[in-house]
Amino acid sequence: MTVMQNQVVELSFQAEKVYERPFDQVEFQVRWTGPEGEILTVPGFWAGNGVWKVRYSSPQVGEHHFETLCSQEDAGLRGQTGSVQVTAYQGENPLYRRGSICRRDGEMFLRHRDGTPFFWLADTWWMGLTTRLAYPEDFETLAEDRRRKGFTVVQIVAGLYPDMLPFDERGKNEGGFPWDEQFTQINPLYFDMADRKIISLIEHGITPCIVGSWGFFMKFAGKEVLKRHWQYLIARWAAYPVVWCVAGEANMAFYDENCPMEEHLRQSRRDWNEMTAFIKEQDVFRRLVTIHPTSYGHEQIEDESLLDLDMLQTGHSGPFSLAPTMQMVRKAVSQKRLPVIDSEVCYEGICGSSYADVQRYAFLSCVFLGACGHTYGANGIWQLNDKNCPYGVSPHGAQWGSTPWQEAYQLPGSRQIGYCKEYLMKFEWWRFEQHPEWVERPCTLEAPDGHFAMGIPGEVCLIFKPNFGGDFWGEVRILQLEPGAAYRAERMDPITGRVTDLGIVHAEADGSFRMPRIDAFQDWVYALIRVK
């Protein structure tokens, strides 16, 4: 059997015995020995009936030997041996060619396993594993659109969803629900259907950021059930290049729950801290771990050192959320403890607002303030409104908007932030630092009231001039350049993606340079690139 680097090989084993409660009674693992003698013991999973499976991947070329381990005396599951040949990857998929996402040492950005910097541009499909997004036609349409626009991650929930009660019919997929209604037995058919979508994202070069459950399932299902849920997710998907998100809005109580908030938060942080440690202990592939918050991710648990990425949630109030967003991003980045992503802000179209201008501002301000990427969302996509089947009301009794996903995925904000990401990728963006002192009238972060600057001293300077809050006439004055130094100047239109070459320019004797006046009143991104 042969598989290429970082791709998954799946092995199936048939039990010789019949088990009344196979999910509870059998612990199945496979011990792998790599070409240089390294050993990895990978958990297997019950696949239904009398079948157990294991999934394995490795970046290391060569022969990998395996032996099955089982808690039961079962010749079908214990002592089976064999080998798999891992060959060099031949293809263009970055997740196979470069490996999964990770954080290296204390860096404030992410990388692929081979060391290549990774820019996080995510979309939000919380309910994407349900039948609300039909597979393959609808799912492939959305995934291909996001790939073409430069998205690299999709945030998606593994069966225990937000914005609904457990076992709400809207949470089903073709295989039913992930658990029985007593949370005593897992349903492998649900995950068979979910597999197709998780694998499809990866084949599009998009990393699934898999959210184990919404936070209030700590109440509905309980900690021990959620641990078993996570064991199953890890056994099923950890061999793939995924990211683990421990919970969505981890410290959120359910909508109608009336509890002392201080006591709830204290217990919630303790419970999710234990869950985060458990996930890291169970996952032998060491996938990146984060948590989706009600505000700051690092505040959702007691020990933030368990996290690899600090997610934020900063509001859905359109322009009124921009200043709080900037303040939260600056605060999280300035701690210099974890890379930072705003993982939920101002879904495009939510409540009939937050359209493309807000999307551009949120993306560019977050990146210019030091986030290592950004998460986009569109109302209609996160809950998968369908033109023939609107999502309907949330548990609080109202809805967030009825735009179907078929329209929402074509909203212009997703394309425009894709242009911005594509432009940033021209540079060594991971080396960029924030330099508000480089620009006249920098944003105070108290309101959208100025410009943003970042770059690499002596090499490149980037300026974001927003339409609202920046210099209306567009004559941006850049400061602290080397007097007399030559730069190639250019201007990028984030609405169209068009880049205009402004030629070679020179800094004034005082180290300043005034960009030429704009030809349209809108957002612009300017660059000065030092001529060697």
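The values are calculated or read from the model by the stated rules, or taken from the named source; none is laboratory data. Computed from a prediction, not measured in an experiment: that's the story for all the values here. So basically every Cβ, Gly included, is an ideal-geometry build from the backbone, and we count neighbours across all protein chains shown. Surface areas here come from the heavy atoms of the whole protein model, side chains and all, with no ligands, DNA or RNA. Shrake-Rupley method; radii C 1.70, N 1.55, O 1.52, S 1.80 Å.
What pairs from K280/K331; K227/K280; K172/K387 go past 20 Å between their alpha carbons?
Working: K280/K331 27 Å; K227/K280 12 Å; K172/K387 18 Å.
Beyond 20 Å: K280/K331.
Positive end of the dipole of the chain, charges at C-beta (+1 Lys, Arg; -1 Asp, Glu), about the Cα centre: which of Q282, W272, G458 has its Cα farthest in that direction?
The one lying farthest along the dipole's positive direction is G458.
Please report, to one decimal in angstroms, the Kirkwood hydrodynamic radius of segment 1-153 built from all distinct Cα-Cα pairs.
Computed over segment 1-153, the radius equals 18.2 Å.
For A486, put the label point 7 Å out on the Cα→Cβ axis and report which residues of segment 513-532 keep their amide N under 12 Å from it.
Answer for this model: 530-532.
Distance between the C-alpha centers of segment 461-532 and segment 166-219? Whole Å please.
First find each Cα centre; the distance between them is then 47 Å.
According to a simple spin-label model (label point 7 Å from Cα along Cα-to-Cβ), what is the distance in nm between E20 and E144?
5.1
How many percent of the accessible area of segment 401-511 is carbon or sulfur, using a 1.4 Å probe?
Details: 2440 of 4870 Å².
The value for segment 401-511 is 50 percent carbon and sulfur by accessible area.
Taking the Cα centre of segment 1-116 as the origin, how large is its charge dipole in debye, to the nearest 20, when only Lys and Arg (+1) and Asp and Glu (-1) carry charge on their Cβ atoms? Numbers along the way, then the final one.
Values: 12 positive and 15 negative charges, 80 e Å.
The calculated dipole for segment 1-116 is roughly 380 debye.
With every protein chain present, what accessible area does H396 have (1.4 Å probe, heavy atoms only), rounded to the nearest 10 Å²?
Counting only protein heavy atoms, the figure is 90 Å².
Expressed in nm to one decimal, what extension gain is obtained for the pair Q182 and Q335 from 0.36 nm per residue of sequence separation less their Cα-Cα distance? List each step's numbers first, then the result.
On the way: separation 153, 0.36 × 153 = 55.08 nm, distance 4.28 nm.
Working it through step by step, the gained length comes to 50.8 nm.
In Å², what does the accessible area per residue of segment 192-278 work out to with a 1.4 Å probe? Can you show the working numbers first?
Details: 2780 Å² over 87 residues.
Accessible area per residue: 32 Å².
Using a 1.4 angstrom probe and counting only protein chains, how large is the accessible area of I199 in Å², to 10?
60
Please compute the length gained on full extension between F220 and A520, using 0.36 nm multiplied by the number of residues separating them and subtracting their Cα-Cα distance.
Details: separation 300, 0.36 × 300 = 108.00 nm, distance 5.37 nm.
Stretched fully, the F220-A520 segment lengthens by 102.6 nm.
Computed from the coordinates I sent, percent of Cα pairs over 44 Å apart equals one of [x] 19; [y] 24; [z] 50. Tell me the label.
Recomputing percent of Cα pairs over 44 Å apart here picks out [x].
Which percent of the accessible heavy-atom area of segment 118-272 goes to carbon and sulfur, probe 1.4 angstrom? Before the final figure, lay out each step's value.
On the way: 2410 of 4810 Å².
Percent of accessible area from carbon and sulfur atoms in segment 118-272: 50.
Need the list of lysines near K465 for cross-linking: C-alpha distance under 20 angstrom, and skip anything on the same chain fewer than eight residues off.
Qualifying lysines at Cα under 20 Å: K421, K426.
Mind checking which lysines have their C-alpha under 17 Å from K53, skipping anything on the same chain fewer than 8 residues away?
Those lysines meeting the cut-off are K17.
Mind checking which of P188, S200, W237 is farthest towards the positive end of segment 180-237's charge dipole, using Cβ charges of +1 (Lys, Arg) and -1 (Asp, Glu) about the Cα centre?
It is W237, whose Cα lies furthest towards the positive end.
Send over a whole-number figure in Å² for the accessible area per residue of segment 481-532, probe 1.4 Å.
Details: 2490 Å² over 52 residues.
I get 48 Å² per residue for segment 481-532.
Could you list the chymotrypsin sites (Phe, Trp or Tyr not before Pro) in segment 435-523 that lie in coil according to DSSP, counting only those with at most 11 other Cβ atoms within 10 Å of their Cβ? Intermediate values should be presented prior to the final figure.
On the way: sites: W438, F452, F464, F468, F472, W473, Y487, F513, F521; in loops: F468, F472, W473, F521.
Passing both the DSSP loop test and the Cβ count: F472, W473, F521.
What FRET efficiency comes out for the pair V51/Q282, r = Cβ-Cβ distance, R0 = 22 Å, nearest 0.05?
Details: r = 22 Å, r/R0 = 0.98.
With R0 = 22 Å, the Cβ-Cβ based efficiency is 0.55.
Using the basic label-point model (7 angstrom from Cα toward the beta carbon), what is the D105 to E422 distance in nanometres?
3.4
Along the charge dipole of segment 325-415, which of S343, C389, N379 sits closest to the positive end, that is, farthest toward it, with unit charges on the beta carbon of Lys, Arg, Asp and Glu (+1, +1, -1, -1)?
It is S343, whose Cα lies furthest towards the positive end.
Residues of segment 359-379 with amide nitrogen under 18 Å from the 7 Å Cα-to-Cβ point of A398?
379, by backbone N distance to the label point.
By average Cβ neighbour count within 10 Å, what is the ranking of 376-389, 207-220, 26-39, 159-172 from highest down?
Values: 376-389: 22.3, 207-220: 24.1, 26-39: 15.2, 159-172: 18.8.
Going from most to least packed, we get 207-220, 376-389, 159-172, 26-39.
Treat each spin label as a single point 7 Å out from the Cα along the C-beta direction, and report the Q327 to C351 distance in nm.
Going from the Q327 label point to the C351 one covers 1.7 nm.
Report the charge-dipole magnitude of segment 339-414 in Debye, nearest 20, computed about the Cα centre from +1 at each Lys and Arg Cβ and -1 at each Asp and Glu Cβ.
On the way: 2 positive and 6 negative charges, 6 e Å.
For segment 339-414, the charge dipole is close to 20 debye.
Grab the beta carbon distance between D256 and R196, set R0 = 41 Å, and tell me the FRET efficiency rounded to 0.05. Write out the running numbers ahead of the final one.
Values: r = 35 Å, r/R0 = 0.85.
With a Förster radius of 41 Å, E is 0.70.
Could you size up the charge dipole of the chain around its Cα centre, putting +1 on the beta carbon of Lys and Arg and -1 on that of Asp and Glu, and report it in debye to the nearest 20?
Working: 52 positive and 70 negative charges, 187 e Å.
Roughly 900 debye for the chain.
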